[in-house]
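Okay, so here's the structure we're looking at.
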Ligand SMILES: O=P(O)(O)O[C@H]1O[C@H](CO)[C@@H](O)[C@H]1O
Ligand SMILES: O=c1cc[nH]c(=O)[nH]1
């Protein structure tokens, strides 16, 4: 048990899927895991452990934004021995060829800042995915025939952004989508020698202004969950 996770020792798997939304954790655990057990509800940040094809898996909400993700990822790694952390998140599309419900596999995550920024001082560290996980996720997505894009994303500290010029620069430089957690997840994984990847589903589009309703963001992202599970155990 930690300050933010109520699970007993041994109740968290080495492989952890991390949606921002705790209700997506509940939905994914009930839909994809065998014998899912609620192992955390501290602060309502639901976490479940069960098995997928006989492999032990935890699905733990991270909350929104890098400071929240950092708390859960740190405790999962330090206190529970998590070795593979895969974010399963929603994101906003930033390129014209990207459509709603497409998958994005985040090879890198650009930022203005992360909770680790102070530690790095003048260094612009380049957060990147674990290559083995990325390759396995790309193979899993290709086998499913789900429209998938692989490349750089933008991890923002704000959802309501007052810097449209910055989004324009991101788009000009080929960034595929925007979300709010992956960069710090990648940095923590690098620091602690564990594997991380962000598998994202496009829930809205910054250029077209199309958007999926909240209900779909909670429960309709099955391809993303399956790609993440297949990558974790490839
Ligand atoms: O759907 P999740 O995983 O929460 O991810 C995205 O959605 C939230 C913003 O609505 C942020 O957490 C962003 O990263
Ligand atoms: O952070 C996010 C997540 C989804 N859509 C966005 O536009 N931004």
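The values are calculated or read from the model by the stated rules, or taken from the named source; none is laboratory data. From a predicted model like this one, the values you see are computed outputs, not experimental measurements. Glycine also receives a Cβ, built like all others from the backbone with ideal geometry; neighbour counts cover every protein chain displayed.
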Exercise for the section: Please name all residue pairs, on different chains or six or more residues apart, with Cβ atoms under 6 Å, provided the first residue is in segment 15-42 and is without any contact (Cβ under 8 Å) to a residue 60 or more places away in the chain and within 22 Å of residue 179 (Cα to Cα) and the second residue is within 16 Å of ligand 2 (Cβ to nearest atom) and part of a loop (DSSP other than H, G, I, E, B). Expected result: 22/61; 25/19; 25/61
Practice task
Run down 17, 38 and say which single residue is crowded, with 24+ Cβ neighbours inside 10 Å, in a strand (DSSP E or B) and modelled with pLDDT of 95 or more.
Solution key: 17
Completion exercise
For strands (runs of 3 or more DSSP E) lying entirely in segment 131-234, having 2 or more residues that are within 13 Å of ligand 2 (Cβ to nearest atom) and either farther than 21 Å from residue 73 by Cα or free of Cβ contacts under 8 Å to residues at least 24 places away in the same chain (or both) picks out 195-205
Exercise for the section: Identify, by number, the condition in (1) crowded, with 16+ Cβ neighbours inside 10 Å; (2) closer than 17 Å to residue 106 by Cα that residue 147 doesn't meet. Expected result: (1)
Completion exercise
Over segment 84-114, the set of residues in contact (Cβ under 8 Å) with a residue 60 or more places away in the chain, more than 15 Å from the chain's Cα centre (by Cα) and away from ligand 1 (no atom under 16 Å from the Cβ) is 95, 96, 99
Problem - Failed item, numbered, when residue 49 is tested on (1) under 19 Å from the mean Cα position of the chain (by Cα); (2) within 21 Å of residue 223 (Cβ to Cβ) - result: (2)
Exercise for the section: Take segment 60-89 and flag every residue that is surrounded by fewer than 24 Cβ atoms within 10 Å (Cβ to Cβ) and within 12 Å of ligand 2 (Cβ to nearest atom). Expected result: 64, 65
Exercise for the section: Working only within segment 175-231, note down all residues that are over 30 Å from residue 119 (Cα atoms) and more than 16 Å from ligand 1 (Cβ to nearest atom). Expected result: 207, 208, 226, 229, 230, 231
